[in-house]
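K.L.:
Provided herewith is a single structure, encoded as structure tokens, for subsequent inquiry.
The values are calculated or read from the model by the stated rules, or taken from the named source; none is laboratory data. Owing to the predicted nature of the structure, the values given are computational and were not obtained by experimental measurement. In this analysis, Cβ positions are derived from the backbone assuming ideal geometry, glycine residues included, and neighbour counts consider all displayed protein chains. What goes into the accessible areas is simple: the full protein's heavy atoms, side chains included, and nothing from ligands, DNA or RNA. Shrake-Rupley method; radii C 1.70, N 1.55, O 1.52, S 1.80 Å.
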Amino acid sequence: ESMKQIVANFLIDKNRIYLLGISAGAFSALSLCSSYPDQFAALAVSCGKVELNSLENLVATPILNIGAKEELYHQSGYQQIERRLACKNGEYEGIVLAHADDNTIFPIKYSTFIYQWLLRHVKKSDPSKVDFYTQTHEIGR
């Protein structure tokens, strides 16, 4: 509902709506995008855990996944996303920062690289052609 209100009341290109999340924001961005994969052009996340069952809804969504070797969720977050999505036909890019941890990776959100990567993507007219279930178990397309 919030998305519909924003698009209705502001001049927004509906084909260029992106999600960016770090830590708990990455978990939220992944959850939101997996519930409504047809609403977003691309997703960039860093240092977040993920609900693995929801990743199947993201196979057609371009994803930039940034991790740090020494961060808390590298094993349970970054690597699990990498294993599930890197071999799918959607665009997936994984980056691991060698000398970073939970405290040093947060400034990455200001990176020009991330914004340029996101802006390269435009939402596909029908990104998935599969049924998906939202967290309220509604069926969407």
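K.L.:
Expressed as a rounded percentage, what relative contact order does the stretch 1-53 have, with Cα pairs under 8 Å and six or more residues apart?
P.N.:
Here the relative contact order equals 38 percent.
K.L.:
Let me ask something additional. Hey, can you rank 41-50, 111-120 by average C-beta count inside 10 Å, highest first?
P.N.:
The peptides rank, most packed first, as 41-50, 111-120.
K.L.:
Among rounded, prolate and oblate, which fits the stretch 1-61 when a ≥ b ≥ c are the square roots of the eigenvalues of its C-alpha gyration tensor, a/c under 1.5 means rounded, and a/b larger than b/c means prolate?
P.N.:
Here the stretch 1-61 falls in the prolate category.
K.L.:
Can you work out the accessible area per residue across the stretch 14-78, with the rest of the protein chains kept in place, probe 1.4 Å, in square angstrom?
P.N.:
It amounts to 37 Å² per residue over the stretch 14-78.
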